[in-house]
Number of protein chains: 2
Amino acid sequence: MLPIGQFARLGRLSVKQLRRYDELGVLRPAYVDVETGYRYYRASQAREALSIGLLRSLDVPLAVVGEVLSGSAGALEGVREGLEVELARRRRTLASLERVMAQGLPSEPVRVVSEPAVRVAVVREIAAGVEDVGRATSAGVARLLGGGVEPPVRLIGLFPVDLQEVVEVEVALVLGEGDGAGGAEVRVLRGGRFASVTHVGPYDQISLTAYALLAWCAERRCGVRGPLREVYVSDPAVTAPDDLVTHLMIGLEES
Amino acid sequence: MLPIGQFARLGRLSVKQLRRYDELGVLRPAYVDVETGYRYYRASQAREALSIGLLRSLDVPLAVVGEVLSGSAGALEGVREGLEVELARRRRTLASLERVMAQGLPSEPVRVVSEPAVRVAVVREIAAGVEDVGRATSAGVARLLGGGVEPPVRLIGLFPVDLQEVVEVEVALVLGEGDGAGGAEVRVLRGGRFASVTHVGPYDQISLTAYALLAWCAERRCGVRGPLREVYVSDPAVTAPDDLVTHLMIGLEES
DNA sequence: ATGGACCCTCCCCCCGAAGGAGAGTCCACC
DNA sequence: GGTGGACTCTCCTTCGGGGGGAGGGTCCAT
């Protein structure tokens, strides 16, 4: 039985932290003197203390730490997975950041273009938040092309402008005169005037260029209409991520 | 000029956040109505808003965000570097965590052994905190072996038991009868009784076994004396990290 | 001119941690 | 068997980054 200070040194935690973990039930002392309130720990609890330290240094919330320690089978697995996802996300974010800081937003070449209405086959995907849009989009593309359509295809992504908690992503395939939809919904995308800008680079970073497009519209006080369209010009299977070309378009209100 | 709500949507930040960034001087509105206090932003400020969002999602403190935005040349570089280091640290921590959770601390085979005193050549390194011990140790090894000593060598690391903010790490090379020190300090490591345990695995995870050793001593109420010794049995140049063998020893008080 | 959407400030809450005040306790040494 | 210093207790405050909501003022389109 060790008093709290000694145990803190053993487990590389602060006394404050140990008291807090006791309070929250994450790590209870082996014995508490009812008279004095003194906490006493067994040296064998050092393993738990150590685990808490490691988990916390990975930013795992104490609630989850508690679950992991109490032996929930899936908890540790969940933490592992969450961390892998987080690491990947940070890499992507860092790349985006460097792009923004280095070149600024590529806001220069915004053009106003007129587009005809087109007939398309559409599938819809639900993304769980902004972070999930990339996954949802590629899932949609996979579903839409599942029928084995041969290139060249003209794919368009449709994204609501103000992203909510849950984002409804749509992927559209432009149909020729006699093409069928292969089970997908057929719709006509409206034509008219669009603000358009070209994004060159990985799909991760499209949102940066999209911001620039929206900022351009906001600056000119021209209202936007309908979803943001992404026209995928390059084939990611044959083009390096840094060279992928995508046209971004947003419908303009006729005023 | 956009009011705060519109600008928030544009930059994917909350109104609360924008107000806070104004207050802290990280991102000032382009114009504030002195009568009403209303904040107005230029659409071109969206780039900054976006950068803040990215930086914050990388856990960069607002103070640093401010520096980066105000164009300090080194700031962004510093953030990049810090992130790389952080990613690497998280990988290591995760590996340690999995070891602790999977097998528990390898606390079983602690032995009490008697060691003779040995004459050694010693170099000292200063580690900036617990996280830096690994780097400092390998730096010490490099300095000590710089003279080109041929294997087999017997290397011992010496670490203070209660790690402070600044940790003095020492690396010792066991000298034979007639060996010289090659410029390094020569000292005699005291012999006597030691608690000893064998660590098998990457050097990153030695601290886990070390905790187990200290916990073993604490459990038996036997006081420890002198630094923790790590005897490097394997050669990391020829052995896979998972198979590296290291003896950990801590001097026992004769009582 | 009026209603609803928007904006303001101010206060409290969350998490996880740190520091300090003031009082009580343990223990080793004399 | 004292006693002093190190230790421990609880409670309060602060920090960073953010969220929710109250109460009241403002903008603008109908």
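The values are calculated or read from the model by the stated rules, or taken from the named source; none is laboratory data. All figures in this text were calculated on a predicted structure; none of them were measured in a lab. We place every Cβ from the backbone using ideal geometry, glycine too, and count neighbours over all the protein chains shown.
Quick check on the range B:1-30: of everything there that is basic (Lys, Arg), part of a helix (DSSP H, G or I) and more than 8 Å from DNA strand C (Cβ to nearest atom), which residue is surrounded by the fewest Cβ atoms within 10 Å (Cβ to Cβ)?
Here the residue is B:20.
Just checking, does the range B:32-48 include any residue being in contact (Cβ under 8 Å) with a residue 12 or more places away in the chain and near DNA strand D (Cβ under 8 Å from one of its atoms)?
yes
Kindly check whether there is at least one residue in the range B:169-188 that is among the basic types (Lys, Arg), under 15 Å from residue B:249 (Cβ atoms) and in contact (Cβ under 8 Å) with a residue 12 or more places away in the chain.
The answer is no, given that none of the residues of the range B:169-188 is among the basic types (Lys, Arg), under 15 Å from residue B:249 (Cβ atoms) and in contact (Cβ under 8 Å) with a residue 12 or more places away in the chain.
Check residue A:13 against each of (1) away from chain B (no Cβ under 14 Å); (2) away from DNA strand D (no atom under 11 Å from the Cβ) and name the one condition it does not meet.
(1)
So residue A:114 clears everything in (1) surrounded by 14 or more Cβ atoms within 10 Å (Cβ to Cβ); (2) away from DNA strand C (no atom under 16 Å from the Cβ); (3) among the hydroxyl-bearing types (Ser, Thr, Tyr) except one condition, right? Which one?
Going through (1) surrounded by 14 or more Cβ atoms within 10 Å (Cβ to Cβ); (2) away from DNA strand C (no atom under 16 Å from the Cβ); (3) among the hydroxyl-bearing types (Ser, Thr, Tyr) one by one, residue A:114 breaks only (1).
Which ones in the range B:92-111 are exposed (fewer than 14 other Cβ atoms within 10 Å of the Cβ) and modelled with pLDDT of 85 or more?
Step one: filter the range B:92-111 for residues exposed (fewer than 14 other Cβ atoms within 10 Å of the Cβ), giving B:102-103, B:108-109, B:111.
Result: B:111, single match.
Mind counting the residues in the range A:57-73 that are over 23 Å from the mean Cα position of the chain (by Cα) and of a type outside the set (A, V, I, L, M, F, W, C)?
Within the range A:57-73, residues that are over 23 Å from the mean Cα position of the chain (by Cα) and of a type outside the set (A, V, I, L, M, F, W, C) number 5.
Out of A:167, A:238, A:197, A:174, I need the residue that is within 16 Å of residue A:123 (Cα to Cα), among the hydrophobic types (A, V, I, L, M, F, W, C) and at pLDDT 85 or above. Which one?
None of the other options fit; the residue is A:174.
Would you pick out the residues in the range B:215-224 that are in contact with a strand residue (DSSP E or B) (Cβ under 7 Å, 6 or more places away or on another chain) and closer than 22 Å to residue B:246 by Cα? Talk me through it step by step, then tell me what you get.
From the range B:215-224, those in contact with a strand residue (DSSP E or B) (Cβ under 7 Å, 6 or more places away or on another chain) are B:216-218, B:222, B:224; that's our starting set.
Residues satisfying the conditions are B:216, B:217, B:218, B:224.
Results for (1) part of a helix (DSSP H, G or I); (2) touching a Cys at 6+ places or on another chain (Cβ under 9 Å); (3) away from DNA strand C (no atom under 16 Å from the Cβ), shown as yes or no for each residue.
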site	(1), (2), (3)
A:40	no, no, no
A:48	yes, no, no
A:56	yes, no, no
A:68	yes, no, no
A:77	yes, no, yes
A:83	yes, no, no
A:92	yes, no, yes
A:98	yes, no, yes
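Quick one: which of A:128, A:142 is modelled with pLDDT of 80 or more and either more than 25 Å from residue A:195 (Cα to Cα) or outside the structural domain of residue A:233 (by TED's automatic domain parsing) (or both)?
When all the criteria are applied, what remains is A:142.
Here are some residues: A:225, A:229, A:187. Which one is within 25 Å of residue B:1 (Cα to Cα) and either part of a strand (DSSP E or B) or out of contact with any Asp or Glu (no Cβ under 7 Å at 6 or more places or on another chain) (or both)?
On inspection, the qualifying residue turns out to be A:225.
Among (1) in contact (Cβ under 8 Å) with a residue 24 or more places away in the chain; (2) within 10 Å of chain B (Cβ to nearest Cβ), where does residue A:26 come up short?
Of everything listed in (1) in contact (Cβ under 8 Å) with a residue 24 or more places away in the chain; (2) within 10 Å of chain B (Cβ to nearest Cβ), residue A:26 misses just condition (2).
For residues in the range B:60-105 being facing another protein chain (nearest Cβ under 7 Å) and among the hydrophobic types (A, V, I, L, M, F, W, C), which is farthest from DNA strand D (Cβ to nearest atom)?
Looking at residues that are facing another protein chain (nearest Cβ under 7 Å) and among the hydrophobic types (A, V, I, L, M, F, W, C), I get B:101.
If you check residue A:81 against the conditions, is it of a type outside the set (S, T, N, Q), out of contact with any Pro (no Cβ under 8 Å at 6 or more places or on another chain) and loosely packed, with under 14 Cβ neighbours inside 10 Å?
Here the answer is yes, as residue A:81 does meet what is asked.
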